[in-house]
Amino acid sequence: MEAEKVIELQDVCFGYEANEVLHHISLTLHRGDFAAMVGPNGGGKTTLLRLILGLLTPRYGTVRVLGQAPEKVRRHIGYVPQHLLFDMQFPASVLDVVLMGRVERCGFGRYGHDDKAKAAAALEKVGLEGYGSRAFSQLSGGERQRVLIAQTLASEPKLLLLDEPGANLDPANRHRIFALLHQLNQELTILLVSHNLNVVSSYVSHVICVNRMADMHAIGEIHVNALADGDWLSIEHIQCPVTTPPQECDHTL
Amino acid sequence: MSFFSDIIDSSFLHMALLAALLASVACGIVGSYVVARRRSYMVGAISHSLLGGIGLARLCAVRLGWTAFTPLAGSLLAGLLASVAVSLLTSRNRMREDTVLSAIWSLGVAAGISFIALTPGYQEDLNSYLFGSILLVSETDLWIMAAMDLFILIAAWMLHNRFLVLCFHEEGLTLRGISVDGVSLWLHVLIGMTVVILSQIVGVVLVLALLVLPAAAAALFARRLGTVMIIATALCFLCSVAGLALSYGPDLPVGATIIELTVVVYLLLAAVKRIRN
């Protein structure tokens, strides 16, 4: 029996005003997949994530997550934006930040015992047990990233989306994050954006090349040239969509 | 005339101290959200819009004899209107927030000037609306301030978790299926009410510093927003009472003295933080 489809994009086009960013994208991720989106800056990786989250609506085509429209299943999606987007001086403890993943469950008033227990378990999963009362602003970049992952785990997601989880981390911390994700992949479907294919290739099951168009490949199909800068174009044997498609998506809704 | 000898039996001073205490509670709670969400400019716009409400209340009282429409009621009306207007006009990026705030800021002052010009008679008390009159707070005003404080306390207790996500990562609310517009509207209403309460102490022109600086100073040292609120409440009360005491003997303007003290305290604490680091 085929595994459950977690993400399904059919013929999706999207653009900001006149500028088309994604052109006829069709992709399917099954339960248990661990996929990395790679591609040049401005190629549409983050836009694709935001379409999957339902924060953007495609001009054409359909996006289904867990078999439904994305905005209906958002609660089952854990999303970790780039950690540099957060206010580093924000006065919150680590536990406060993790509990934010359960904000819609607690209703009004204070978080309950169950919420706190789930938050503590999430911190333990990312290897930060005992960090709950520390100030979020005093953590290192790698620790902050793990706290944000714990925040999404506290929401008990079925799908985890991450935007550049290794960005601005030193190699040791970056590998620690990816090793953690690899371990979480035993229970969760994961899709992440990465700049560096070399870093992710030893952890992921699939690679999606995104540059206006998208191609998905199982990791076994590709070989990665170990270039120092991890250039995404150094994939052998496959055709990644590096050329710009000749015509704009002409379907309008 | 000394502050410390009069404080025993002057009912004016007792009421002023009570007003300062009530204002400090609202200031500590809501100021912390304003600082965490970096919305000081919104406080400036809403506070200046109060002048329109105050002017309207004066006009109605003098021309139409509506004595129940007090300047406090007028400023509450204007504060709530301005908060709701900011929420509606800026939700879903309908209009740029800084544009909307600039318009509300100036329109409030303009409406105030026009209403006051239309009001017959000498406007001797205009200064007290602009720069505060903590010593003129009436018992009715105190009850209204207490009711608003209670409302703010209950709303903040109920919505604190949502406000925290709104301030930390606005999109986080959308992703958890909660309306950002709804939560923002509640926060803006609380900001509007707090501005009205604080304007009783330091006037509409000086509210901005009193609402923002105690929380900004507290945030330099506290790890959690709840702690910021407690420290900010204490700092606001301290500065208000010290400002009142310092200005009392030499008969200096109270509102201005309170603000000067608040700025000095903020700068001192910021220096302490720098030295400690």
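All of the numbers you see were taken from the coordinates with simple rules; none came from a lab. From a predicted model like this one, the values you see are computed outputs, not experimental measurements. Because the Cβ atoms are built from the backbone with ideal geometry, glycine has one as well, and the counts that use them run over all protein chains shown.
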Fill in: Rel. contact order, % - alpha carbon contacts under 8 angstrom, at least six apart, chain A
26
Fill in: Shielding of B:175-182 by partner chains, average beta-carbon count, 10 Å
4
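So what is the relative contact order of segment B:2-272, in percent, for Cα pairs below 8 Å that sit 6 or more residues apart?
32
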Worksheet item: Which angle between 0 and 90 degrees, to the nearest 10, do you get for helix A:141-154 versus the longest principal axis of chain A when only C-alpha atoms count?
Response: 90
Fill in: Additional length obtainable on full extension of the chain from B:F221 to B:V272, 0.36 nm per residue less Cα span
17.4 nm
Fill in: Candidate lysines - alpha carbon under 19 Å from B:K273, same-chain residues fewer than 8 apart omitted
none
Worksheet item: In segment B:92-122, which trypsin sites (Lys or Arg not before Pro) are in a loop and have at most 16 other Cβ atoms within 10 Å, using DSSP for the loop call?
Response: B:R94, B:R96
Worksheet item: Tell me which aspartates and glutamates have Cα within less than 20 Å of A:K72's Cα, excluding those fewer than 8 residues away on the same chain?
Response: A:E4, A:E8, A:E104, A:E156, B:E170, B:E171, B:D181
Worksheet item: What's the average, rounded to a whole number, of partner chain beta-carbon atoms within 10 Å of each residue's beta-carbon in A:71-79?
Response: 2
Fill in: Packing-based ranking, highest mean first, of A:183-190, A:151-158 given that Cβ atoms within 10 Å are counted
A:151-158, A:183-190
Practice prompt. Report the dimensions of segment B:2-272 along its three principal axes from the alpha-carbon atoms, largest first, rounded to Å.
Written response: 55, 46, 30
Worksheet item: Rounded to the nearest 500, what is chain B's calculated 222 nm mean residue ellipticity when only DSSP H runs of at least 4 contribute -39500 (n - 2.57) each, over all residues?
Response: -26500 deg cm²/dmol
Fill in: Cut-off under 5 Å, modelled amide H: who pairs with A:A92 long-range
A:F136, A:S137
Practice prompt. Return, in residue-number order, each cysteine of chain B whose C-beta is not under 4.7 Å from any other cysteine's C-beta.
Written response: B:C60, B:C167, B:C239
Worksheet item: How much FRET efficiency would the formula 1/(1 + (r/R0)^6) give for A:N19 and A:D170, where r is the Cβ-Cβ distance and R0 is 41 Å, rounded to 0.05?
Response: 0.70
Worksheet entry | Set of lysines with alpha-carbon distance to A:K125 below 19 Å, sequence-local pairs under 8 removed | A:K116, A:K158
Worksheet, complete the sentence: Tilt, helix A:113-125 to longest principal axis of chain A (alpha-carbon atoms), in degrees rounded to tens, equals 60
Worksheet, complete the sentence: Neighbour-count ranking for A:F108, A:F136, B:F168 (other C-beta within 10 angstrom, fewest to most) reads A:F108, B:F168, A:F136
Worksheet entry | Calculated [θ] (222 nm, deg cm²/dmol) that DSSP helices of n ≥ 4 give over chain A, each run adding -39,500 (n - 2.57) | -7000 deg cm²/dmol
Item to complete: Under 14 Å from the Cβ of B:S2, count the other residues' Cβ atoms, weight Lys and Arg +1, Asp and Glu -1, and hand me the total.
Response: -3
Practice prompt. Give, rounded to the nearest 20 debye, the magnitude of the charge dipole that chain B has about its Cα centre when Lys and Arg contribute +1 at Cβ and Asp and Glu contribute -1 at Cβ.
Written response: 1140
Worksheet, complete the sentence: If one compares the long axis through the Cα atoms of helix A:171-184 with the longest principal axis of the Cα atoms of chain A, the angle in degrees, nearest 10, works out at 90
Fill in: In order through segment A:22-35: 3J(HN,Hα) via Karplus (6.51 cos²θ - 1.76 cosθ + 1.60), integer Hz, x for Gly, Pro
10, 10, 6, 8, 10, 8, 9, 10, 9, 4, x, 5, 9, 10
Fill in: Between segment A:88-158 and segment A:24-45, the alpha-carbon center distance in angstrom
27
Discussion item. Between B:T140 and A:S26, how high is the FRET efficiency from 1/(1 + (r/R0)^6) when r is the Cβ-Cβ distance and R₀ = 60 Å? Nearest 0.05.
Written reply: 0.30
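What dipole magnitude, in Debye to the nearest 20, does the protein assembly as shown give about its Cα centre under +1 on Lys/Arg Cβ and -1 on Asp/Glu Cβ?
Dipole about the Cα centre, nearest 20: 560 debye.
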